[in-house]
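Structure record follows, encoded as structure tokens.
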């Protein structure tokens, strides 16, 4: 664990990425069975734009602990960032089956949008609203608004409608909502 901490200190306080990379690899050399070590190194790789390496590293951690809620949750995000949208959707669906109590739909929404599948994104948004305690009536109203906006002004209308809705409903900023704290 000390090498992992040193790695983060080097990168976050001194921007010494090569030295940090060495520390992360040293941590894994000393304990290759440590799934959190693979997760930490994967987060470092992702932060520095090494998305394919990051995804592979995270999968190594998952191979050691396939039931880790946190690692499975992060895999969906890593795949989305790597523009591997279909895999990201599948990964989030797997995570949701594993941990249904967590309202976690945004990877699928973003992936469907990136694929141009706005009808599917809207359907997932409805499920997200229901999971947060909105009534069916409220969720259906929101879906109608999104569909109408998309029909009238395509992609721009969809995103404008989302932004307007978030502002009107005092929706939390993305950073507060997007990474729920879940025990690993």
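The values are calculated or read from the model by the stated rules, or taken from the named source; none is laboratory data. Here the structure is a predicted model, which is why all the values come from computation and not from measurement. Using ideal geometry, Cβ is built from the backbone for each residue, glycine included, and neighbour counts are taken over all protein chains shown.
Here the condition is being over 30 Å from residue 12 (Cβ atoms) and under 16 Å from the mean Cα position of the chain (by Cα); of 86, 74, 142, it holds for 86 alone.
Between 121, 88, which is under 22 Å from residue 42 (Cα atoms) and touching a helix residue (DSSP H, G or I) at 6+ places or on another chain (Cβ under 8 Å)? Reasoning before the result, please.
Working: 121 fails: under 22 Å from residue 42 (Cα atoms).
Only one candidate qualifies: 88.
If you go through the range 92-99 one residue at a time, do you hit one that is at pLDDT below 80, in contact with a helix residue (DSSP H, G or I) (Cβ under 9 Å, 6 or more places away or on another chain) and either closer than 30 Å to residue 125 by Cα or not assigned by TED's automatic domain parsing to the domain that holds residue 133 (or both)? Steps first, answer last, please.
First pass over the range 92-99, keeping only residues at pLDDT below 80: 99.
Add one more test, that the residue is in contact with a helix residue (DSSP H, G or I) (Cβ under 9 Å, 6 or more places away or on another chain), and what stays is 99.
Adding the requirement that they be either closer than 30 Å to residue 125 by Cα or not assigned by TED's automatic domain parsing to the domain that holds residue 133 (or both) leaves 99.
Yes: one or more hits.
Selection over the range 154-164 of residues that are in contact with a helix residue (DSSP H, G or I) (Cβ under 7 Å, 6 or more places away or on another chain), free of Cβ contacts under 8 Å to residues at least 40 places away in the same chain and surrounded by 15 or more Cβ atoms within 10 Å (Cβ to Cβ) gives a count of 2. Whenever a residue of the range 14-26 is at pLDDT below 80, its partners that are in a loop (DSSP other than H, G, I, E, B), lying with C-beta atoms within less than 8 angstrom and at least six residues away or across chains, give the pairs 17/48. Selection of the range 130-153 for residues being under 25 Å from residue 75 (Cβ atoms) and either surrounded by 16 or more Cβ atoms within 10 Å (Cβ to Cβ) or touching a strand residue (DSSP E or B) at 6+ places or on another chain (Cβ under 6 Å) (or both) yields only 131.
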